[in-house]
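Worksheet: the structure to be examined is printed underneath.
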Amino acid sequence: MPLVKAGFVVLDCAEPEKLAVFYTELLQGEQTDATANRVEIRGADGTRLAFRRDTNATPPSWPRPENSLQAHLDFVVEDLDEAERRIVGLGGRPIEAKDARGAHEERGYADPSGHSFTLRRVAATAPKQG
């Protein structure tokens, strides 16, 4: 029997219930547990996140240096434009766009509480047909 039963990335925020809804919708997942100060979710791909109430939470200011990025989430998607529309529709906002050519294309976002995350698309290995 494993010692660790589950691992979570935990984000501190003022309103964990609202932030859990954002990520549950984004990850097409489900809420797995909730208490007065913490909500846990599991995404359709198995990603496990928790949101802990901290009424004094201050979101990172990334990419500004005064309260720089301490950690962030990366999600791999097939269609960056479709994912961006969904994020904005759920209350998130773009914070950085990279139109980098090459193996990875990335775009940065902030969730409704200001935590940053990145969407990354891995370019197809075979050339496009047509």
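The values are calculated or read from the model by the stated rules, or taken from the named source; none is laboratory data. In this text the structure is predicted, and so the values were computed from the model without any measurement. As a convention, Cβ positions derive from the backbone with ideal geometry for all residues, glycine included, and neighbour counts pool all protein chains shown. Areas reflect the complete protein model, heavy atoms only, side chains present, ligands, DNA and RNA absent. Shrake-Rupley method; radii C 1.70, N 1.55, O 1.52, S 1.80 Å.
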> Just by accessible area at a 1.4 angstrom probe, what is the order of Thr58, Thr118, Thr35 from largest to smallest?
Replying inline: Thr58, Thr35, Thr118
>> With every protein chain left in place and a probe of 1.4 Å, what is the accessible surface of Arg42, to the nearest 10 Å²?
In response: 80
>> Between Glu106 and Arg48, what is the label-point separation in nm under the 7 Å Cα-to-beta-carbon projection?
In response: 2.6
> With every protein chain left in place, what is the accessible area of Arg120 in Å² (1.4 Å probe, nearest 10)?
Replying inline: 60
